[in-house]
Amino acid sequence: MISYWKKIPEQAKRLVVLAAILLAVFLVVRPQLVPPDFGELGHFRASALQDIVAQPIRYAGHEVCTDCHEEVAEKKGNSYHRNVACEVCHGPAAVHIEEEETDMLRIPRGRDFCIVCHEYLSSRPTGFPQIVSESHNPMKSCITCHNPHDPTPPEKPKDCAGCHASIARSKMVSHHVYVPCVRCHDAPDEHFTNPRMYHPTKPTKREFCGGCHASDDPSVAGIPQVDIDSHGERYVCWQCHYPHLP
């Protein structure tokens, strides 16, 4: 064993000694760092349950709001905000339930509150209502036009750019600038008021693009033409050409 130890490089010996010291320190210190009731009920401190129970209750849950605000709750239940809990906007309501007159809940009125969810971010889902707060009615409070309990827009967007601003900007500088969106997408009327439930259609076959780019129709004169049977072979057009900026 001694001869084997002598063959080990000095650097490796130091690492072994250091590891042994760290292990010894861990074994000595561990009982002092780990709570005595750790692991009794699971991989956590058992007394943590009592600590949690002892904390004061701050949130009441949106269900109790209905007892006093039935009409508001009904309106909100049929709106785009139906899945947003009341206390998200109005704050913890447990004390308010017991002391309604002395503990008034907050009523957000400033623009800075709504844009937490509705300021434009490219990472948010397509169709989620978003604005650029610096340019969207910058001097008005959001609740001037939108009822928070039923935030349906006062009028539906006049065109697709209302929600698809980044696509509209790309299309604006492309050869497809004068091609209306509905030429390629069939959008039902419901899409403009409930975009996440009613989606527009998208072309699925090469022949769709061929309607303009592989046509003998004189009305498409000046549009780039291809032989749809040989051009790109088995690939669909949008694997090589981005439709909004082709």
Q.
Between Ser141, Ser219, Ser133, where does the largest GNM mean-square fluctuation fall for the chain, given springs only between Cα atoms within less than 10 Å?
A. Ser219
Q) In whole percent, what relative contact order does the range 58-107 give with Cα contacts below 8 Å and a gap of six or more residues? A) 41
Q: Rounded, prolate or oblate: pick one for the chain, where a ≥ b ≥ c are the square roots of the eigenvalues of its C-alpha gyration tensor, a/c under 1.5 means rounded, and failing that, prolate if a/b is larger than b/c, else oblate.
A: oblate
Q.
With every protein chain left in place and a probe of 1.4 Å, what is the accessible surface of Phe128, to the nearest 10 Å²?
A. 50
Q. Carbon and sulfur atoms: what percent of the 1.4 Å accessible area of the chain do they account for?
A. 61
Q. What relative contact order, as a whole-number percentage, does the range 39-146 give when Cα pairs under 8 Å and 6 or more residues apart are counted?
A. 18
Q | Nitroxide proxy distance, nm - points 7 Å out along Cα→Cβ at Asp186 and Ala12 | A | 7.3
(Q) Connecting C-alpha atoms closer than 10 Å in a GNM of the chain, tell me which of Lys13, Lys202, Lys171 has the biggest fluctuation. (A) Lys13
**Q.** Cα→Cβ-extended label distance, 7 Å offset, between Ile143 and Ile52, nm
**A.** 3.5
Q: Can you check what the net charge comes to around Cys181, using other residues whose Cβ is under 9 Å from the Cβ of Cys181 (Lys, Arg +1; Asp, Glu -1)?
A: +1
(Q) Quick check for you: with a 1.4 Å probe and neighbouring chains kept, what is the accessible area per residue of the range 100-176, in Å²? (A) 74
Q | Using alpha carbons only: equivalent-ellipsoid semi-axes of the range 58-107, gyration tensor based, whole Å | A | 19, 11, 9
(Q) With a 10 Å cut-off between alpha carbons and a GNM built on the chain, which of Ala85, Ala221, Ala20 moves the most? (A) Ala20
Q. So, with +1 on the Cβ of K and R and -1 on the Cβ of D and E, and no other charges, what is the size of the charge dipole of the chain about its Cα centre, to the nearest 20 debye?
A. 1620
Q: Mark the label point 7 Å from the Cα of Thr102 along Cα→Cβ and return the residues of the range 58-74 whose backbone N is within less than 19 Å of it.
A: 58-60
Q. Per residue of the chain, what 222 nm ellipticity follows from adding -39500 (n - 2.57) for every DSSP H run with n ≥ 4, rounded to the nearest 500?
A. -9500 deg cm²/dmol
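The values are calculated or read from the model by the stated rules, or taken from the named source; none is laboratory data. These numbers were taken from a predicted model, which means no experiment stands behind them. Note: ideal-geometry Cβ built from the backbone for every residue, glycine included; neighbour counts use all protein chains shown. Keep in mind that these areas ignore ligands, DNA and RNA; they rest on the heavy atoms of the full protein, side chains included. Shrake-Rupley method; radii C 1.70, N 1.55, O 1.52, S 1.80 Å.
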